[in-house]
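Down below is the structure, laid out as structure tokens.
The values are calculated or read from the model by the stated rules, or taken from the named source; none is laboratory data. From a predicted model like this one, the values you see are computed outputs, not experimental measurements. Positions of Cβ are generated from backbone atoms using ideal geometry, with glycine treated the same way; all protein chains shown enter the neighbour counts.
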Amino acid sequence: MRILGIDPGIAIVGFGFIDKQGSKCVPVQYGCIQTEAHTPEEERLLHVYEGIVQLMDKYKPDAVALEKLFFNRNVTTAMSVSQARGVIVLAAAQRGLPIAEYTPMQIKQAMVGYGKAEKRQVQEMTRMFLKLQAIPKPDDVADALAVAVCHAHSYTLNSKLNEVLRS
């Protein structure tokens, strides 16, 4: 199963493709889509959409996992990120891909075993779990990989629960 993890944003969209092979997760490709500041928002959204479409078409994920938005004090930023998230969801829906969402706390719990873990702890566990030489940069990329791994764990658990419930 190939999973695309995404940390949505308007300036930087982190992405990470992993393959779930049995109990292992293997990184396939990861990086970010960046948009230029001071560019009209509609152009930035188009750039995010086209970038995600190219990645989905090239790496052909079986599922998409997104980090749920965490609304802080800056409503303007939250609105822009919501719009970027919307074009990402649209691209996945157009391809018939299942979409899962995870809160930052769920991701931390899956990666570190503690829902209030520090960001650096999550990044280091992601690096170790995927056997990477270094923590991917920028942070959005490491976060996207953590989302993908979180989904891999959740998908396995949910599949086993469904098997038990069907028996």
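For this structure, a couple of remarks:
- Index of the failed condition, VAL64 passing every other in (1) under 23 Å from SER23 (Cα atoms); (2) without any contact (Cβ under 8 Å) to a residue 40 or more places away in the chain; (3) out of contact with any Cys (no Cβ under 9 Å at 6 or more places or on another chain): (2)
- Residue check, VAL122 of a type in the set (Val, Ile, Thr), surrounded by 13 or more Cβ atoms within 10 Å (Cβ to Cβ) and within 18 Å of ARG85 (Cβ to Cβ): no
- Among (1) surrounded by fewer than 18 Cβ atoms within 10 Å (Cβ to Cβ); (2) touching a helix residue (DSSP H, G or I) at 6+ places or on another chain (Cβ under 6 Å); (3) not aliphatic (A, V, I, L, M) - the single one LYS68 does not satisfy: (2)
- Only one of the numbered conditions (1) modelled with pLDDT under 90; (2) loosely packed, with under 14 Cβ neighbours inside 10 Å; (3) among the polar types (S, T, N, Q) is not met by GLN54, and that is (1).
- Qualifying residue in the range 67-82 (condition: closer than 19 Å to VAL147 by Cα, touching a residue at least 12 places away in the same chain (Cβ under 8 Å) and charged (D, E, K, R)): yes
- Qualifying residue in the range 91-110 (condition: surrounded by fewer than 16 Cβ atoms within 10 Å (Cβ to Cβ), of a type in the set (S, T, N, Q) and under 18 Å from PRO138 (Cβ atoms)): no
- Filtered residues of the range 34-48 (kept if assigned to a loop (DSSP other than H, G, I, E, B) and surrounded by fewer than 16 Cβ atoms within 10 Å (Cβ to Cβ)): GLU36, ALA37, HIS38, THR39, PRO40
- Lone qualifier among GLY31, GLY5, GLY9, GLY16 - being in a loop (DSSP other than H, G, I, E, B), out of contact with any Ser or Thr (no Cβ under 7 Å at 6 or more places or on another chain) and within 17 Å of ASP143 (Cα to Cα): GLY9
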